[in-house]
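First up is the structure itself, then whatever we jot down about it.
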Amino acid sequence: MAVAAPTFTGFRPEAIQFLVDLSENNDRAWFQPRKGEYEQLLKEPLEALISMLAERFAARGIPLRADPSKSPFRIYRDVRFSKDKSPYKTNLGASFPWVGEAPTGADNDAGARSHTGNVHSGGGYFHLSPGEIYVGGGYWHPEKPWIDAFRQRLVAGPAEFHALIDAPDFQSVFGGLSRDGHVLQRVPSGFAADHPEAEILKLKDVIFGRRLSDVDAQSPDLPDTLADTFGAAVPLLRYLAAIG
């Protein structure tokens, strides 16, 4: 007998408070006795959210992969090369890699990979932390061959790219591309300093995002909110995936 997927009912206010408390007590001695609380307040609701989001992606034909076993980022930090040895992340995150629009029944190996194989690839992202809740996507910290190819395609056909980022649906949800500090100070080598697309050419990441409120995160309608948001990004994500 098939087991029904868990229902997402919203993140409780105590979930945000748990992350606040964790930021103030980021050590194993505090976390381990409260691991069950973390799972109840954060891990299990996130998995339920992802399960419901997978259903919405399938119903709407959104070619992103939402998998409760692969999409969530682990709470444990990789501290091997970090001066900050705090063992835990103080946010919740999940990635939804672009899996393309393969014909029905076709295998898609890319969709079977975990988020760790897609962290620098195209797709969507959900982030939850105290005072910072957002949904977005694009290509974050792409490898040099990809960003070089993106810039060449932009210059060869700027109207094609602007038709996507200036589209009313995209603008109403995201307001344009995000800059968030990942920008070169100068136009990259090979392009004129006064190039009409100079501001886009200087981007190190091609990303976009939308802020959410605590009310959004606490609502059982969050799966629909995320699906609506990602749906508005599909044309741009398709363009970016074709570069890769």
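For this structure, a couple of remarks:
- Surface exposure of the chain, expressed per residue as accessible area with a 1.4 Å probe, stands at 53 Å².
- The ratio of the alpha-carbon radius of gyration of the range 136-179 to the globular-protein estimate 2.2 N^0.38 Å is 1.25.
- Set against the 2.2 N^0.38 Å expectation for a compact globular protein, the chain has a Cα radius of gyration ratio of 1.08.
- Rounded, prolate or oblate (a/c below 1.5 giving rounded, otherwise prolate when a/b exceeds b/c) for the range 190-232 by Cα gyration tensor: prolate
- Applying both filters, DSSP loop and at most 13 other Cβ atoms within 10 Å, to the trypsin sites (Lys or Arg not before Pro) of the range 26-77 gives Arg74.
- Cα-based Rg of the range 114-243 normalised by 2.2 N^0.38 Å, two decimals: 1.10
- Where labels lie 7 Å past Cα in the beta-carbon direction, separation of Val79 and Ala29 in nm: 1.3 nm
- Surface composition of the chain: carbon and sulfur make up 51 percent of the accessible area, probe 1.4 Å.
- Alpha carbon centroid spacing (whole Å) that separates the range 40-96 from the range 209-237: 15 Å
- The chain: angle of helix 144-156 to the longest principal axis, Cα-based, in degrees nearest 10: 50 degrees
The values are calculated or read from the model by the stated rules, or taken from the named source; none is laboratory data. Since this is a predicted model, take the numbers as computed values, not measurements. We place every Cβ from the backbone using ideal geometry, glycine too, and count neighbours over all the protein chains shown. Heavy atoms of the whole protein, side chains included, go into the accessibility calculation; ligands, DNA and RNA do not. Shrake-Rupley method; radii C 1.70, N 1.55, O 1.52, S 1.80 Å.
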